[in-house]
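Following: one structure in structure tokens, then a few remarks.
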Amino acid sequence: MLVLGAAVAAVLLACRGAIGRACRAPVFRRPILVLESDDWGAGPLQQAQALQDIAATLARHRDGAGRHPVMSLALVLAVPGGPAIAASGAYRRVELDASMLASVLAALKGGVARHVFSLQLHGHEHFWPPALTASTDPAVVGWLRQAPPAVTEQLPSHLQSRWVDASRLPSAPLPAADVRSAVDAEVAAYRRIVGEAPAVVVPPTFVWTRDVERAWAAAGVEFVVTPGWRSTQRNAKGLPDGDEGPIVNGDRADGLTYLVRTDYFEPARGRDAAYALRALAKAVAEGQPCILENHRDNFIVDAEQCRRSLEELDALCTGALRQHPDLRFLSTVELGRILRSGDPQWIVQSWRERLPFFWQRLRHSGRLWKLMRLTGLAALGTVLVATLGRQTAPSAAGTAS
């Protein structure tokens, strides 16, 4: 018994962080699906048709509250003004409200008007301009000086990070004053282009720092989308590194509230509707919202890939409603405001109602669950959950404020 007790204590001590995260994350009363897609905005003109096709696909579906699926689109606001850069040697940008990009902006605003798009900030650019202008790589120099609109995905991945200087690796942090100036400029550009201030920001490549967060908060941003960690640099191999966290849905710092993406919906990379529906089922079992990550390159690479991605999007929405009839579609900002308010119509308050979902989170925890099974904690916990847990009370929640 002493040996067993010591083993149990060791497991609880070693895994206290994972247990704490499972306890800390809110439990939702009903299934929630949030679709997010990054990199839209300034860029190739074929986005306009792709956005119209996505909007038409989403508009075919409604949840039990009569709401369409909403794709929360993270916007890039500018691309390089190549000829002007070549002529002057200084960085110049072409912003999303330029006449050449009018069709893209019109498609974005059209989707918002149909209540199938929600817009959020990705960045002024999907890179840190001084890092590109400092590059001597001929491919980067040529990319920077080409006729707009350029395709950011063609850049080396480490140079697509906006909030570090990756002109040399490992990357260097940016001066706080430069960060504040850049954040103020991109928030002002977003307000001018979109017509309102950004409430949600998605850091490009998920590399950013607390200095950036403080600048976002000072500029009025409310929510930051994360992968569950904050990567603060690019290492010598160009990979995201310096992770800080972990972060769970609803965590807060400096006036910002964090949201955590659950998994992927990337048909171009084999993460299709069936894959996303499995992620949704797991999230529902854990009482978590399912926030799916997607990128524009699923829809603009070529016509055949776009067709397949649209079919998978349609299948995802159909399957989600069939498998979870009480599912609700939310935008990222709507989910963020529910998390921030702790609205009891959406979020379970009673520990007895939370307990079965907490237990499912532990069952899906990997190493921790294996250790719990080895020490007998799993068997004991199963009995306790069956005895003390209580079914979640139904809720009339159906619309988000």
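Overview of values
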{"read-out": "Rotationally averaged projected area of the stretch 269-390 (alpha carbon convex hull; nm²)", "value": "9.6 nm²"}
{"read-out": "Calculated log₁₀ intensity ratio I(q)/I(0) where the Debye formula runs over C-alpha points of the stretch 252-315, q = 0.17, 0.18, 0.24 Å⁻¹", "value": "-0.63, -0.68, -0.94"}
{"read-out": "Rough spin-label spacing in nm, given labels placed 7 Å along Cα→Cβ, for Ala285 and Ala134", "value": "4.8 nm"}
{"read-out": "Accessible surface of Lys109 - all protein chains present, 1.4 Å probe, nearest 10 Å²", "value": "90 Å²"}
{"read-out": "Estimated inter-spin distance, Arg210 and Gln305, nm [label 7 Å along Cα→Cβ]", "value": "3.9 nm"}
{"read-out": "Helical contribution to [θ] at 222 nm, DSSP H n ≥ 4, -39,500 (n - 2.57), averaged over the chain, rounded to 500", "value": "-13500 deg cm²/dmol"}
{"read-out": "Debye log10 I(q)/I(0) for the stretch 139-245, one point scatterer per Cα, at q = 0.18 Å⁻¹", "value": "-0.98"}
{"read-out": "Where labels lie 7 Å past Cα in the beta-carbon direction, separation of Ala177 and Ala65 in nm", "value": "4.7 nm"}
{"read-out": "Whole-Å distance, taken between Cα centres, linking the stretch 26-57 and the stretch 195-210", "value": "16 Å"}
{"read-out": "Full-stretch length increase - Gln391, Cys23 - with 0.36 nm per residue and alpha-carbon distance subtracted", "value": "130.8 nm"}
{"read-out": "Added length on full extension, which subtracts the Cα-Cα distance from 0.36 nm per residue, His364 to Ser341", "value": "5.5 nm"}
{"read-out": "For the chain: relative contact order, % (alpha-carbon pairs under 8 angstrom, 6 or more apart)", "value": "22 percent"}
{"read-out": "Modelled FRET efficiency - R0 60 Å, Ala90 with Ala56, Cβ distances, 0.05 increments", "value": "0.90"}
{"read-out": "Dimensionless Rg ratio for the chain, taking C-alpha atoms and the 2.2 N^0.38 Å reference", "value": "1.04"}
{"read-out": "Hull volume in cubic angstrom per residue (convex hull over the Cα atoms of the stretch 193-270)", "value": "135 Å³"}
{"read-out": "Normalised contact order of the stretch 107-164, rounded percent, pairs of Cα under 8 Å and 6 or more residues apart", "value": "38 percent"}
{"read-out": "Per residue Cα convex hull volume in Å³ - calculated over the stretch 42-86", "value": "62 Å³"}
{"read-out": "Descending principal axes extents, the stretch 19-67, alpha-carbon based, whole Å", "value": "47, 28, 10"}
{"read-out": "At 0.890 mPa s and 25 °C, Stokes diffusion of the stretch 185-319 via Kirkwood alpha-carbon radius, µm² per second", "value": "147 µm²/s"}
{"read-out": "Computed FRET value (nearest 0.05) for Glu196 with Ala253, which takes r as the C-beta separation and R₀ as 22 Å", "value": "0.40"}
{"read-out": "With Cα atoms, 0 to 90° folded angle of helix 102-113 axis to the chain main axis", "value": "30 degrees"}
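The values are calculated or read from the model by the stated rules, or taken from the named source; none is laboratory data. Quick caveat: nothing in here was measured; it's all calculated off a predicted structure. Every residue, glycine as well, gets a Cβ built from its backbone with ideal geometry; the counts of neighbours run over all protein chains shown. Only protein heavy atoms, including side chains, enter the accessible area calculation; ligands, DNA and RNA are left aside. Shrake-Rupley method; radii C 1.70, N 1.55, O 1.52, S 1.80 Å.
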